[in-house]
Amino acid sequence: MAINIDQVNAMEAWFALRNDPAFISATPEERYETRLALADDLKQQGLINEGEWRELTEEAVTAYADELG
């Protein structure tokens, strides 16, 4: 099984958001939009497939709902 470094880097970028001061200080709406934009970019670049994109967008929705309480 080959490891796609670009895919690994893309997923690291997704999880790195959690430690990004600008992301952390953003509003819940801004964080939601950032997550969706990153998921869309990863899909457009062919780094994730439709199922993975769906998982990331669902995670963005869940995080947004949690942040709103």
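Read the figures in this text as sums done on the coordinates, not as results from a lab. Keep in mind that this is a model prediction, so the values were computed, not measured. Counting neighbours? That spans all protein chains shown, and the Cβs are built from the backbone with ideal geometry, glycine included.
With the largest listed first and rounded to whole Å, the semi-axes of the equivalent ellipsoid of the chain from the Cα gyration tensor are 23, 13, 9.
Per-residue ellipticity at 222 nm computed for the chain from its helices equals -24000 deg cm²/dmol, with DSSP H segments shorter than 4 residues left out and the rest contributing -39,500 (n - 2.57).
Tell me which of Q44, T34, A10 sits at the most positive position along the dipole axis of the chain, charges placed on C-beta atoms (Lys, Arg +1; Asp, Glu -1). My answer, from the dipole projection, is A10. Note on the chain: with charges restricted to the Cβ of Lys and Arg (+1) and Asp and Glu (-1), its dipole about the Cα centre is near 100 debye.
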